[in-house]
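Report on the following structure.
The values are calculated or read from the model by the stated rules, or taken from the named source; none is laboratory data. Fair warning: this is a prediction, and the values are worked out from it, not measured in the lab. Virtual Cβ from ideal backbone geometry, glycine too; neighbours counted across all protein chains shown. Side chains included, ligands, DNA and RNA excluded: accessible areas come from the protein's heavy atoms. Shrake-Rupley method; radii C 1.70, N 1.55, O 1.52, S 1.80 Å.
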Amino acid sequence: MILKMRFIKYYLICILATILLSCSEQKVLKQSSEIDDGSNWERYGRTWQENHFSPLSIINDKNIDRLGLAWYYDLPVATSSGVAAPLAVDGTLFFATGHSVIHAMNAETGELIWKYDPEVYKVIGEELRGAWGVRGIAYSDGKVFTGTADGRLIAIDAGKGKLVWSSKTNKRNDGRYITGPPYVIGDKIIIGHGGADFRPVRGYVTAYKIDTGEMVWRFFTVPGNPQEGFENEAMEKAARTWNGEWWKYGGGGTVWHAMAYDRDLGRVYIGTGNGAPWNQKIRSPGGGDNLYLCSIIALDIDTGEYIWHYQINPGETWDYNAAMDIELAEVEIDGILRKVILHAPKNGFFYVIDRTNGKLISAEPFAHVNWAERIDIKTGRPIEDPQARYPNNTAFLLSPDSTGAHGVAAMSYNPNTGLVYLPVRNSWGAVTDPQEIEDWKYSEHYYLDNGMGQAPANLIPPASSGWLSAWDPISQKEVWRANMVGARNGGTMTTAGNLVVQGQATGELSIYEADRGKKIWSFDTQNGINAQPITYKVNGKQYITQLTGWQEFMYSGQGPQWNYRTQKRRVLTFVLDGDKTLPIFESATLPITDIPKFKIDENLATQGQELYHRSCVACHGPNLLADGAAPDLLRSRTTESLDSLVKILHQGTLLERGMPPYPELSIREIEGLQHFIRKSIRTELAKEVSSIK
Ligand code: HEC
């Protein structure tokens with residue numbers, strides 16, 4: 001009876017609604033955005049499955065020779081520009097550069113509509129030393145969302161470019177920063193943070209109401225101090241897998257990049273990061289699984305309650321994590337259609353996980369791996385090489401290294417070919433304990449503080465290499481491969497036009513046949529590519545957009561070295577029969593200049609070297625050649641005078657441009673940095689002279 005009355009009521013409302021024109025228009029609008037014809041790229045991975053797949057096939061493997069440049073837009077020099085994936089909604093492109101500067105652009109013409117700068121440099125604390133610019137944004141309901149390095153989550157009106165709301169997700173100077181994309185989960189938006197490589201940080205994710213920015217729930221990923229009580233049963237359980245006084249070290253487990261909203265099951269999957277510090281012997285002496293580090297956790301979207309978890313690296317101790325793409329698919333395995341998560345984390349194994357219950361279905365290595373022999377399917381646990389945990393003051397040449405066999409460059413999944421397109425790299429790095437591990441402490445300030453020691457000189461890692469792998473997640477085998485120059489290349493996108501699109505470190509934007517891997521198109525963008533491309537449709541035409549900009553902190557010696565100052569950061573958009581060309585690009589290298597009368601004090605230089613490797617290396621690079629993330633200090637003239645170096649470090653004269661101040665350094669320490677840099681310049685020039693001879 002009640003049901004029937006409700007039905008009649010509903011019916012009446014519907015009739016009323018159709019009479020009221022505005023109402024019915026709204027309804028139509030709502031419906032049109034719900035029908036997915038591939039016109040929009042509304043989320044980081046386009047849809048809630050986060051597959052970086054588009055059903056569009058206007059551009060396809062048959063007509064690809066007609067693909068050309070429609071327009072390009074030069075981006076100003078700013079820290080970390082051009083690494084974020086854009087979004088496209090109803091003919092407008094939205095993207096972020098540098099520290100979350102949001103741009104709205106006419107997707108057909110490249111005309112800038114508005115720009116919103118959250119002025120991160122005005123409010124950020126020492127976290128600027130760790131945060132590297134935002135990698136992705138979100139869209140819903142007429143609003144664009146971004147996290148900021150100082151820990152805000154903000155909503156901007158998509159039409160006007162004005163702030164709608166701003167919610168602080170952390171406390172000032174608590175070590176947390178945001179660089180990952182927010183994810184829309186129904187009527188809420190969820191965001192994590194980073195910081196566990198630097199400070200004693202305890203990871204969490206927080207959900208906010210999309211309309212108002214009001215916080216709805218928060219889920220911590222690792223347990224806090226038991227004496228303060230546990231937030232929930234999941235934390236109580238997790239605490240049993242930790243030893244010592246882990247909470248004093250923060251614990252880590254930050255959700256700094258990937259999540260996915262399971263619209264089918266009303267859940268969100270979060271990917272947790274490494275331990276803080278990396279070295280488990282410090283944060284949890286005696287071992288333990290250290291839940292929920294390095295795990296995928298399923299949470300209820302309405303309450304944030306724990307549903308299940310799968311831990312990919314129990315007792316993580318290498319900076320491995322589960323922060324890489326979490327992509328959702330339905331695949332047939334042994335004749336049964338299963339809802340799965342596809343996941344290729346740093347540790348080099350490709351995981352297929354049942355998303356209804358978190359059980360491992362299969363896991364096989366997609367790159368060179370030496371820390372584990374295999375993953376046991378029954379227990380879901382790796383069969384590790386015990387030496388990989390660098391016990392008793394030993395050192396181990398770990399593969400993959402802490403940068404991972406797969407990084408933040410997106411993989412994509414094409415349901416038509418059934419293949420995952422994965423930017424892979426082989427890498428090695430030495431791991432060992434620090435000296436006097438018992439006395440290890442975090443510094444008072446924001447430095448790379450991971451509890452690891454200096455690698456012994458005799459452990460020389462082989463050169464890293466990279467390729468694009470077309471991976472069959474069912475047979476867990478590579479189907480085809482395209483080799484790349486260098487180990488770090490851009491993220492991928494795939495389409496129903498049988499295409500895989502990927503930018504490379506060399507600046508080449510390449511398109512392959514998705515099924516067979518034949519390269520069928522390429523374009524010289526004149527700059528290294530970190531971001532993944534997107535595709536969308538406006539007025540019947542399909543476009544492909546790629547942001548360029550190279551932001552790595554260490555030059556590998558392979559391919560071009562993109563200079564921070566001279567590289568051309570751009571937005572490039574392609575269309576069938578596009579006929580624009582780029583102006584000629586002359587790559588300019590700044591000279592390395594010595595000051596012969598500068599007397600190097602060896603002691604000071606040694607002290608400076610140590611400080612440099614703790615505080616400057618993350619942006620300026622181990623060899624003082626940054627490869628795009630910051631100026632090459634080998635080529636900088638600012639270190640010719642101590643005064644100018646003091647101004648930059650003490651007064652923060654370059655703060656607005658992304659160079660953090662270091663007011664805690666003494667003049668003597670800064671002198672040390674200067675002597676180390678001048679010495680490195682002299683050594684480099686001597687090398688060049690001897691190679692000419
Ligand atoms: C978070 C990244 C980051 C860290 C960490 C960092 N820098 Fe920088 N630095 C930058 C960026 C970006 C610039 C370029 C700013 C600009 O556009 O002028 C810069 C510029 C500089 C310059 C001026 C170079 C030139 O030729 O204009 C010097 C000198 C410098 N940094 C030294 C240091 C030292 C010394 C440290 C460690 C104590 C350090 N930086 C740590 C990002 C960083």
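Values for this structure:
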| read-out | value |
| --- | --- |
| Members of the range 651-660 that are within 30 Å of the chain's Cα centre (by Cα) and either of a type outside the set (A, V, I, L, M) or within 8 Å of the ligand (Cβ to nearest atom) (or both) | GLY652, THR653, LEU654, GLU656, ARG657, GLY658, MET659, PRO660 |
| Some residue of the range 573-595 being small (Gly, Ala, Ser), under 28 Å from the mean Cα position of the chain (by Cα), in a strand (DSSP E or B) and modelled with pLDDT under 95 | no |
| Tally of residues being in a loop (DSSP other than H, G, I, E, B), of a type outside the set (Phe, Trp, Tyr) and within 16 Å of THR97 (Cα to Cα) across the range 112-149 | 10 |
| Unique match (being more than 13 Å from the ligand (Cβ to nearest atom), open to solvent by less than 40 Å² (accessible area, probe 1.4 Å) and either in contact with a Cys (Cβ under 9 Å, 6 or more places away or on another chain) or in contact (Cβ under 8 Å) with a residue 40 or more places away in the chain (or both)) among LEU582, LEU624 | LEU582 |
| Failed item in (1) among the polar types (S, T, N, Q); (2) assigned to a loop (DSSP other than H, G, I, E, B); (3) open to solvent by 20 Å² or more (accessible area, probe 1.4 Å), with GLN567 passing the rest | (3) |
| Per-region count, the range 167-216, residues touching an Asp or Glu at 6+ places or on another chain (Cβ under 8 Å) and among the aromatic types (Phe, Trp, Tyr) | 3 |
| Cβ-Cβ under 7 Å pairs, at least 6 apart or on other chains, the range 473-486 side in contact (Cβ under 8 Å) with a residue 40 or more places away in the chain, far side part of a strand (DSSP E or B) and open to solvent by 80 Å² or more (accessible area, probe 1.4 Å) | GLN476/GLU364 |
| The range 669-693 - residue that is of a type in the set (Lys, Arg) and either part of a loop (DSSP other than H, G, I, E, B) or in contact (Cβ under 8 Å) with a residue 12 or more places away in the chain (or both) and, of those, least open to solvent (accessible area, probe 1.4 Å) | ARG678 |
| Subset tally (residues that are part of a helix (DSSP H, G or I) and either farther than 23 Å from ILE191 by Cα or without any contact (Cβ under 8 Å) to a residue 24 or more places away in the chain (or both)) for the range 212-240 | 7 |
| 2 or more residues closer than 18 Å to VAL424 by Cα: qualifying strands (runs of 3 or more DSSP E) within the range 449-527 | 465-472, 477-483, 492-495, 499-503, 508-513 |
| Residue tally, condition open to solvent by 10 Å² or more (accessible area, probe 1.4 Å), under 20 Å from GLY418 (Cα atoms) and of a type in the set (Ser, Thr, Tyr), over the range 319-364 | 1 |
| Selection count where residues are crowded, with 17+ Cβ neighbours inside 10 Å and either in contact with a strand residue (DSSP E or B) (Cβ under 6 Å, 6 or more places away or on another chain) or aromatic (Phe, Trp, Tyr) (or both), scope the range 365-394 | 11 |
| Residue among ILE58, ILE102, ILE19, ILE13 that is aliphatic (A, V, I, L, M), open to solvent by 30 Å² or more (accessible area, probe 1.4 Å) and either within 21 Å of VAL501 (Cβ to Cβ) or modelled with pLDDT of 90 or more (or both) | ILE58 |
| Count of residues meeting criterion [open to solvent by less than 50 Å² (accessible area, probe 1.4 Å) and outside any loop (DSSP other than H, G, I, E, B)] in the range 431-448 | 3 |
| In the range 241-274, the residues that are within 14 Å of TYR442 (Cα to Cα) and part of a strand (DSSP E or B) | GLY251, GLY252 |
| Residue, nearest to the chain's Cα centre (by Cα), within the range 602-611, restricted to residues that are modelled with pLDDT of 95 or more and open to solvent by less than 60 Å² (accessible area, probe 1.4 Å) | GLY608 |
| Residue tally, condition under 21 Å from GLN49 (Cβ atoms) and open to solvent by less than 20 Å² (accessible area, probe 1.4 Å), over the range 491-514 | 11 |
| Filter pass, ALA84 being modelled with pLDDT under 95, in contact with a strand residue (DSSP E or B) (Cβ under 7 Å, 6 or more places away or on another chain) and small (Gly, Ala, Ser) | yes |
| Selected residue (only one of SER644, SER556, SER615 is touching a residue at least 12 places away in the same chain (Cβ under 8 Å) and near the ligand (Cβ under 8 Å from one of its atoms)) | SER615 |
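To keep it simple, each residue is scored yes or no on (1) more than 10 Å from the ligand (Cβ to nearest atom); (2) among the acidic types (Asp, Glu).
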{"site": "ASP594", "(1), (2)": "yes, yes"}
{"site": "ALA629", "(1), (2)": "no, no"}
{"site": "THR639", "(1), (2)": "no, no"}
{"site": "TYR662", "(1), (2)": "no, no"}
{"site": "SER680", "(1), (2)": "yes, no"}
